[in-house]
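A short write-up of the structure that comes next.
The values are calculated or read from the model by the stated rules, or taken from the named source; none is laboratory data. Small disclaimer: the values here were computed from a predicted structure and weren't measured. Positions of Cβ are backbone-derived with ideal geometry, glycine not excepted, and every protein chain shown enters the neighbour counts. Surface accessibility is based on the protein's heavy atoms, side chains included, excluding ligands, DNA and RNA. Shrake-Rupley method; radii C 1.70, N 1.55, O 1.52, S 1.80 Å.
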There are 2 protein chains.
Amino acid sequence: MANVAIMGFGTIGFGTAEVLTKNSDIIAKRIGEPVNLKYILDIRDFPDSPYASKLIKDFAIIENDPEIDVVVECIGGTGVSRDFTLRAIKAGKSVVTSNKALVAKCAPEIFPLAVEKNVSYLFEASVGGGIPIIHPLTQCLAANNINDIMGILNGTCNYILTQMSQKDLDFDVALKQAQKLGYAEADPTDDVEGIDTARKIAILCSICFNRHVISESIPCKGISKITKDDLAFASCENYAIRLLGRGVSGENPAIFVSPHFVPSTNPLYGVNDAFNSIFVDCDMLGTSMFYGKGAGDLPTASAVVSDVIEAIVKKALPKKAAWDTQNTYSVKGQSDFVSRYYVRCSSLPTIDGIKLLSGGNGIAFITLPMSVEEIEALSSKVNAEIYMPVMD
Amino acid sequence: MANVAIMGFGTIGFGTAEVLTKNSDIIAKRIGEPVNLKYILDIRDFPDSPYASKLIKDFAIIENDPEIDVVVECIGGTGVSRDFTLRAIKAGKSVVTSNKALVAKCAPEIFPLAVEKNVSYLFEASVGGGIPIIHPLTQCLAANNINDIMGILNGTCNYILTQMSQKDLDFDVALKQAQKLGYAEADPTDDVEGIDTARKIAILCSICFNRHVISESIPCKGISKITKDDLAFASCENYAIRLLGRGVSGENPAIFVSPHFVPSTNPLYGVNDAFNSIFVDCDMLGTSMFYGKGAGDLPTASAVVSDVIEAIVKKALPKKAAWDTQNTYSVKGQSDFVSRYYVRCSSLPTIDGIKLLSGGNGIAFITLPMSVEEIEALSSKVNAEIYMPVMD
């Protein structure tokens, strides 16, 4: 029998307890032995929870219990979660997490310790919720060099953009609706300004480009400035607007978060509502895409528990570090990145080679391919209200 | 240094040699040691090949070379490929294959031998070409019960259907075009009649339902009877026609191959040309989809080499059997499967609750939900020329 402890009894922690309990049969079959959920750590009381008997408040109980094989960290943030993660690993336990902030920030501290202690540190649930993407990248695409990776990584933003487009809503109205339905937080900044997406694309690009990408260095534009007109202009040309985290390979990979014009021929075009999707272009396989529920208690817990299973099955042979954390990468410019751009502005510019758009109020056009420096200069020249890359 | 032998120097065998050679740097980094392609076995001569020096004709050289860690089987079929696979495993070597016919037929013989000899038998490339699907199913979705799995698993059929729909072509014309482009064989029966799809869905369902599904027992309808009119009727109602291999869970899982009406709200709708895609609905994660190139030398070799990497990395801890081969399953009926159906016939039927369609020549309608027995009875009553499930 393998023993597991969950730290943090919020949405994901509860979902993990549910999956471990409800699907205990199939999990035991996969592993070859049953999994016992021994402790749930939380500072709060849950007297009416079916898991009340497992709740504890002192991390030292987990740390000092030699029976605990795997610790699931669902605390979030980078404070106490970091401390407990490091202590659990030092105590010889594998750690599984859904905490993208911690992975994006503290991998250089956590990965080498896990290697030293010969345990697994797994984080499939940190990006794309339940969608298998970390394992496919580290394992199934292992024979490939990645050219380009881009993902719809934030369900809140995608829900808002879908609603704005389908129901002709302003951003503020769609945001309020998302908050009402529980898709968006009371303070939606991390989601709508792309900060959450930046953490996730930092993790994906760290794997793809085998270096530790500093999440805070990623140029980041969110969706709060997008108007109904932008969506109308896009729709008239058979584009959808999607917030993408993106990494383009090169000497200095261009990594950024921005809304994009996505053509109807691209599979990301049809990804609606709160779904997530990650599109990968690599040298041998070509293009592939991974699609599914990017949030929610059970979908995310599905990924957490798949990691728990792996940590137990591969106890004798823990996974190696997912990237070279010694090699840190701060995104400076996007010097090699060239794209066409959508621009909306208030007065008609006199520029060659642009394609004027119709379908919305105001003036909007698509440029010829240009560098980031060029679009920045152009944007300031025409007093652009918004601009974003147009995918081919 | 790890040593690899390739058996069969056709499209996939050559692609595997190319990936191992071209991406040797990244592969060595992933494994922690370089991979040496030591032998290529083929009965033919390839004097002008860059790999000519590695070509051998006698399998015993591979079998008796203790340096060989992994054997890649790209021979195809179930004759000599079976013999060499069993002998390689008996000699203590892991085997990686792209051969769906062999996996679908001989898993009950091969899996237990691999377990006994403590080596890996891996077959990611056997379904969906380069798309990661076997590992996601066995590993990332391991905490889930699968409700429904369906896949566009044959690029030839999907290319033909896309061309018929986009260019208003008859089946015969589109088939000839596919043959000209090398997408279809001179004898296209295995592809267009769904036999290839049946083998692949047999493998996927064997994993999902943890029993050995007898591929030959799968009810199988292909695309050769589909006309331009069917595509016109479908398109007018916002459906695409896709050939799906499908498995629906239950006491006796319904497993079958058939063209389907796929609505534009389903992500499989947008999968065009020779691309493959697998859609999975499971109890914890909900729906997810895996999309990419389902054929071709380098995409398939990408999956082969990812398995080679895994076999080397996990030498000390080979993967367990992917399903319980003791438990064989012969698909008898589809007793629990209920669906609406599209029916095209020559004279107007007098039946309640049907929705008559327009947009094509002839008479076509969509039924209310019914069982397989009911649609068979109805089909014979109205002299149907074709019928197929309509997805919600």
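Points to keep in mind about this one:
- Fraction of accessible area attributable to carbon and sulfur, region A:50-192 (%, probe 1.4 Å): 47
- B:H135 exposes around 10 Å² of accessible area when a 1.4 Å probe is run over every protein chain in place.
- Among the residues of A:131-138, the average count of other protein chain beta-carbon atoms within 10 Å of the residue beta-carbon is 5.
- Think of chain B as having a plus end and a minus end, set by charges on the Cβ of Lys, Arg, Asp and Glu; of B:S94, B:A234, B:L137, B:S94 sits farthest toward the positive end of this dipole.
- About its Cα centre, the dipole of region A:252-392 is roughly 260 debye, where the only charges are +1 on Lys and Arg Cβ and -1 on Asp and Glu Cβ.
- Only protein heavy atoms count here; on that basis, with a 1.4 Å probe, B:R242 has an accessible area of about 10 Å².
- Sparsely packed loop sites in region A:223-320 (the GluC sites (Glu not before Pro) outside DSSP H, G, I, E and B with at most 13 other Cβ atoms within 10 Å) comprise A:E251.
- C-alpha long axis of helix A:155-167 to longest principal axis of chain A, angle in °: 40
- With eigenvalues of the C-alpha gyration tensor scaled by 5 and rooted, region B:313-383, Å: 44, 16, 10
- The contact between chain A and chain B removes approximately 4100 Å² from the accessible area (both sides summed; 1.4 Å probe; ligands, DNA and RNA excluded).
- Ordering A:S49, B:I56, A:L204 by the projection of their Cα atoms onto the charge dipole of the protein assembly as shown, which places +1 on the Cβ of Lys and Arg and -1 on the Cβ of Asp and Glu, puts B:I56 at the extreme positive end.
- Placing a pseudo-label 7 Å from each Cα along the Cα-to-Cβ vector at A:S53 and A:A28 gives an inter-label distance of 1.6 nm.
- In a simple Cβ point-charge model (Lys, Arg +1; Asp, Glu -1; nothing else charged), the protein assembly as shown has a dipole of about 720 debye relative to its Cα centre.
- For region A:306-351, the solvent-accessible area with a 1.4 angstrom probe is 48 square angstrom per residue.
- Diffusion of region B:167-232 by Stokes-Einstein, at 37 °C in a medium of 0.692 mPa s and with Rh set to the Kirkwood radius over alpha-carbon pairs, works out to 244 µm²/s.
- The protein assembly as shown: translational diffusion in µm²/s, Stokes-Einstein, Kirkwood Rh over Cα pairs, 10 °C, 1.306 mPa s: 58
- Region A:30-91: C-alpha gyration tensor shape, a/c 1.5 cut-off, then a/b vs b/c: oblate
- Rounded accessible area per residue of region A:28-84, 1.4 Å, Å²: 52
- Solvent-accessible area per residue for region A:176-236 (1.4 angstrom probe, square angstrom): 43
- Peptide A:299-308, shielding by other chains (average Cβ, 10 Å cutoff): 5
- Most to least accessible of B:C236, B:C106, B:C220 (protein chains only, probe 1.4 Å): B:C236, B:C220, B:C106
- Across the copies of the chain, A:G362 has label points (7 Å from Cα along Cα→Cβ) spaced 5.1 nm apart, shortest distance listed first.
- Take the Cα of B:D45, step 7 Å toward its Cβ, do the same at A:D172, and the gap between the two points is 8.1 nm.
- Estimated from helices alone, the mean residue ellipticity of chain A at 222 nm is -10000 deg cm²/dmol (sum of -39500 (n - 2.57) over DSSP H runs with n ≥ 4, per residue).
- Cut-off 13 Å (backbone N to label point 7 Å along Cα→Cβ of A:V80), residues of region A:44-73: A:44-45, A:56-60
- Residues in region A:175-216 that a label on A:D324 would reach, taking backbone N under 13 Å of a point 7 Å out along Cα→Cβ: A:207-213
- Averaged over A:214-223, number of beta-carbon atoms from partner chains that fall within 10 Å: 0
- Nearest-ten-degree value, helix B:372-381 long axis tilted from longest Cα axis of chain B: 50
- Percent of Cα pairs in chain B per distance bin of 20 Å, from zero to the largest separation: 28, 53, 18, 1.
- Copy-to-copy label distances for B:K176, where each label lies 7 Å from Cα along Cα-to-Cβ, are 6.2 nm in order of increasing length.
- Cα shape, region A:263-311, gyration tensor, a/c 1.5 rule: oblate
- The lysines within cross-link reach of B:K228, meaning a Cα-to-Cα straight distance under 25 Å and a gap of 8 or more places when in the same chain, are B:K167, B:K176, B:K180, B:K355, B:K381.
- If only the Cβ of Lys and Arg carry +1 and only the Cβ of Asp and Glu carry -1, the dipole of chain A around its Cα centre is close to 460 debye.
- Note on B:V70: accessible area approximately 0 square angstrom, rounded to 10, probe 1.4 Å, nucleic acids and ligands left out.
- Helix A:11-22 and the long axis of chain A differ in direction by around 50°, with both axes built from C-alpha atoms.
- Take B:P108, push a point 7 Å out from Cα through the beta-carbon direction, and compare it with the same point in every other copy: 5.7 nm, smallest first.
- Between B:E116 and B:S346, the distance separating the two model label sites (each 7 Å from Cα on the Cα→Cβ line) works out to 5.8 nm.
- Selection from B:S358, B:L348, B:I68, by position along the positive dipole direction of chain B (Cβ): B:I68
- Pairs beyond 24 Å (Cα-Cα), from A:K22/B:K105; B:K22/B:K319; B:K90/B:K319; A:K293/B:K319; A:K38/A:K200: A:K22/B:K105; B:K22/B:K319; A:K293/B:K319; A:K38/A:K200
- Trypsin sites (Lys or Arg not before Pro) restricted to DSSP loop in region B:266-346 with at most 11 other C-beta within 10 Å: B:K332
- Net charge, B:T156 excluded, C-beta distance under 10 Å - Lys, Arg +1, Asp, Glu -1: -4
- Shape call, region B:1-70: gyration tensor on alpha carbons, a/c limit 1.5: oblate
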